[in-house]
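The values are calculated or read from the model by the stated rules, or taken from the named source; none is laboratory data. Just so we're clear, the structure is a prediction, and the values are computed from it rather than from any experiment. Cβ placement follows ideal geometry from the backbone for every residue including glycine, while neighbour counts extend to all protein chains displayed. Each accessible area value is taken on the protein alone, full model and side chains, heavy atoms only, with ligands, DNA and RNA left out. Shrake-Rupley method; radii C 1.70, N 1.55, O 1.52, S 1.80 Å.
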Amino acid sequence: MPLKLPVYLDNNATTPMDPRVLDEMLPFFVEKFGNAASRTHAYGWEAEEAVDIARESVAGLVGAHPQEIVFTSGATEAVNLAIKGTFEDYSVKGKHIITVATEHKAVLDTCRRIEKSGGRITYLSVGSNGLIDLAELENAIKPDTILIAVMYANNETGVIQPVSEISAIAKKHGILFFTDATQAVGKIAVDVHTDGIDLMAFSAHKFYGPKGIGALYVRKKNPAVTITAQIDGGGHERNMRSGTLNVPAIAGFGRACELCSDELAAEGKRLQKLRNYFENQLLELGDVEINGEDSPRLPHSTNISFHMIDGEKLIFETGNEIAFSRSSACTSATLEPSYVLKAMGVPDGLIHNSFRFSLGRFSTEEQVEHAVKIISKIVKEHRDERDYGHHKVL
Ligand SMILES: *Cc1c(COP(=O)(O)O)cnc(C)c1O
């Protein structure tokens with residue numbers, strides 16, 4: 001380990017837990033350890049009360065009713081429950097689902113599974129701006145379409161899809177609308193009613209809560225959505241997700257939601273200013289592109305392509321100073337270019353030189369200035385080396 005930890009600019013991967021969240025959780029490990037399903041004694045009542053309070057905070061953050069919140073182990077499980085659960089429950093009506101090429105793997109891999117169980121999936125394309133085409137969406141709707149699954153905001157680019165327009169189209173055709181809002185909840189205002197959402201997945205660890213806890217919002221009225229449970233055993237969470245509730249994590253999840261309800265608006269403005277500063281400084285290097293720049297985007301996140309650098313080397317050279325993420329994944333021996341940027345038409349060579357930087361609650365001005373300094377220096381060095389090499393060849 002380096003003596004000084006690198007500046008953390010990878011908040012879209014996960015966030016550090018807020019100490020106020022930890023304080024909320026601590027009593028529920030040893031002292032208040034009860035099972036929230038124990039109905040016959042104070043230990044159980046105490047745990048149940050904590051879960052009720054947290055459920056209200058979670059629902060409150062997204063404009064839902066507490067009874068519409070189903071606790072899960074995270075967004076991945078919530079996505080699985082939403083897609084597999086509706087597919088099973090509505091398959092008499094049809095077996096067609098519409099989603100998007102740039103969804104998170106949680107959605108794409110679940111859709112692959114549905115295809116293996118006899119479902120049909122349409123994968124919508126996106127433009128170079130990362131947005132879906134609403135006309136293409138409407139054209140994709142068939143009499144047997146049961147679900148439209150479009151993410152709220154993309155984890156790599158931060159691009160925000162036109163959720164209200166999408167939900168209006170779904171409603172018009174009597175189709176359910178599910179959104180993976182894992183990157184949006186806690187960062188921007190999300191409201192299941194104004195946004196017209198029927199099912200929504202989100203996760204505490206993306207907004208300063210603990211890992212291993214998330215929720216699926218399931219609409220109760222207009223329409224009353226039903227899903228088939230994917231985990232059976234005891235009928236917890238109104239029969240939609242069995243298993244003893246993780247009370248400490250749920251208490252922390254609730255506190256994390258409360259903090260976001262209070263601080264989200266001001267924090268969004270602060271981070272947007274910092275993010276814009278970061279982008280503007282790097283744009284001054286020239287031959288730099290911001291992916292999804294002209295689309296609505298999350299305030300704290302950016303995806304940047306640098307021409308004429310060595311992406312591999314840049315990650316290596318910045319590693320002790322900054323923690324961020326590359327838009328290509330190493331799969332065994334090969335470098336797999338990000339399918340999100342690929343869908344936006346970014347050429348493979350440039351995808352290898354593309355990076356995601358995501359700020360968070362604990363990011364400071366000094367940290368961002370430091371990151372700009374380090375990246376600028378290394379990008380310039382790479383370009384000087386190229387020039388030098390070029391002259392040598394001549
Ligand atoms: C992080 C993330 C997930 C997975 O969430 P977990 O709670 O870690 O399972 C799903 N979708 C998106 C868009 C994400 O960013």
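How high is the relative contact order of segment 19-258? Use alpha-carbon pairs under 8 Å, at least six apart in sequence, and give a whole percent. Before the final figure, lay out each step's value.
Details: 478 pairs, mean separation 69.1, N = 240.
Relative contact order for segment 19-258 comes out at 29 percent.
Please return the longest range in the chain lying between exposed loop sites, taking trypsin sites (Lys or Arg not before Pro), DSSP loop only, at most 10 other beta-carbon atoms within 10 Å, and leaving the sites out.
Details: sites that count: LYS4, ARG39, LYS221.
It works out to 40-220.
Please give the Cα centre distance for segment 96-112 versus segment 17-78, rounded to the nearest Å.
Here the two parts' Cα centres lie 30 Å apart.
Please identify the chymotrypsin sites (Phe, Trp or Tyr not before Pro) of segment 251-320 that satisfy two criteria: DSSP loop assignment and at most 14 other Cβ atoms within 10 Å. Which are they?
Numbers: sites: PHE253, TYR277, PHE278, PHE306, PHE316; in loops: none.
For chymotrypsin sites (Phe, Trp or Tyr not before Pro) across segment 251-320 that sit outside H, G, I, E and B with at most 14 neighbouring Cβ atoms in 10 Å, the list is empty.
List the chymotrypsin sites (Phe, Trp or Tyr not before Pro) within segment 33-80 that DSSP assigns to loop and that have no more than 14 neighbouring Cβ atoms inside 10 Å.
Working: sites: PHE33, TYR43, TRP45, PHE71; in loops: PHE33.
Loop-located and lightly packed - PHE33.
At LYS373 and LYS313, where each label point lies 7 Å from the Cα along Cα→Cβ, what is the point-to-point distance in nanometres?
2.3 nm
With θ taken as phi - 60° and the coefficients 6.51, -1.76 and 1.60, list the Karplus ³J(HN,Hα) couplings across segment 42-52 in order, rounded to whole Hz; mark glycine and proline as x.
4, 4, x, 4, 4, 5, 5, 5, 4, 5, 4
Give the separation of the Cα centroids, segment 133-200 to segment 308-329, in Å.
What the calculation gives is 33 Å, centre to centre.
Provide the gained length on full extension for the span LYS4 to PHE362, in nm with one decimal, where the gain is 0.36 nm per separating residue minus the Cα-Cα distance. Provide the component values of the computation, followed by the final result.
Details: separation 358, 0.36 × 358 = 128.88 nm, distance 1.63 nm.
Stretched fully, the LYS4-PHE362 segment lengthens by 127.2 nm.
Show the residues, 5+ positions off or on another chain, whose built amide H is closer than 5 Å to the amide H of TYR208.
Residues meeting the amide H criterion: THR15.
Over the chain, how many percent of alpha carbon pairs lie in each 10 Å bin up to the one with the longest distance?
Final binned percentages: 5, 22, 29, 24, 14, 4, 1, 0, 0.
Keeping the other protein chains in place, figure out the carbon and sulfur percent of the accessible area of the chain, with a 1.4 Å probe.
Details: 9440 of 17520 Å².
Its accessible area is 54 percent carbon and sulfur atoms.
On average, how much accessible surface per residue is there in the chain, in Å², for a 1.4 Å probe, leaving out ligands, DNA and RNA?
44 Å²
Applying 1/(1 + (r/R0)^6) with R0 = 22 Å to the Cβ-Cβ distance of ALA224 and ARG120, what FRET efficiency is obtained, to the nearest 0.05?
Details: r = 25 Å, r/R0 = 1.15.
For ALA224 and ARG120, the calculated efficiency is 0.30.
Just from its helices, what would the mean residue ellipticity at 222 nm be for the chain, if runs of 4 or more DSSP H residues each count -39500 (n - 2.57) and the sum is divided by every residue, rounded to the nearest 500 deg cm²/dmol? Walk me through the intermediate numbers first.
Numbers: 11 runs with 156 residues, N = 394.
Taking each H run of at least 4 residues, the total per residue is -13000 deg cm²/dmol.
Please tell me which of these pairs span more than 29 angstrom C-alpha to C-alpha: LYS171/LYS211; LYS4/LYS273; LYS32/LYS187; LYS84/LYS171; LYS32/LYS269; LYS171/LYS273?
Values: LYS171/LYS211 34 Å; LYS4/LYS273 26 Å; LYS32/LYS187 31 Å; LYS84/LYS171 20 Å; LYS32/LYS269 38 Å; LYS171/LYS273 36 Å.
LYS171/LYS211; LYS32/LYS187; LYS32/LYS269; LYS171/LYS273, as the Cα separations exceed 29 Å there.
What FRET efficiency do you get for ILE231 and LYS269 if R0 is 56 Å and r is their Cβ-Cβ distance, rounded to the nearest 0.05?
Details: r = 40 Å, r/R0 = 0.71.
Plugging the Cβ-Cβ distance into 1/(1 + (r/R0)^6) gives 0.90.
Ignoring solvent entirely, what values of log10 I(q)/I(0) come out of the Debye formula for segment 220-291 at 0.11, 0.16, 0.17, 0.24 Å⁻¹ when each Cα is a single scatterer?
-0.63, -0.81, -0.84, -1.06
Mean separation of Cα pairs under 8 Å and 6+ residues apart, divided by the residue count of segment 210-294: what relative contact order is that in percent? Don't skip to the answer; put the middle values down first.
On the way: 41 pairs, mean separation 16.2, N = 85.
Contact order relative to length: 19 percent.
In angstroms, what radius of gyration and Dmax does segment 149-257 have, counting Cα atoms only?
14.6, 41
Between GLU88 and ASN139, what FRET efficiency follows from the Cβ-Cβ distance if R0 is 25 Å, with the result rounded to 0.05? Each step should come with its number before you reach the end.
Details: r = 27 Å, r/R0 = 1.07.
Working from the Cβ atoms, E equals 0.40.
What does the C-alpha gyration tensor say about the overall shape of segment 1-153? Classify as rounded when a/c is under 1.5, otherwise prolate if a/b is larger than b/c, or oblate. Mind dumping the intermediate values first?
Values: a/c = 2.64, a/b = 1.48, b/c = 1.78.
Because a/c hits 1.5 or more and a/b fails to exceed b/c, segment 1-153 counts as oblate.
Please get the size of the charge dipole for the chain, origin at its Cα centre, with Cβ charges of +1 on Lys and Arg and -1 on Asp and Glu, quoted in debye to the nearest 20. Display every interim value, and only then the final one.
Details: 41 positive and 52 negative charges, 150 e Å.
My answer is approximately 720 debye.
Whole-Hz Karplus ³J(HN,Hα) for segment 168-176, in order, using 6.51 cos²θ - 1.76 cosθ + 1.60 and θ = phi - 60°, x for Gly and Pro?
Running phi through 6.51 cos²θ - 1.76 cosθ + 1.60 with θ = phi - 60° gives 5, 5, 4, 4, 4, 9, x, 10, 6 Hz.
Can you pull out the GluC sites (Glu not before Pro) in segment 16-111 that DSSP calls coil and that have at most 14 other Cβ atoms within 10 Å?
GLU31
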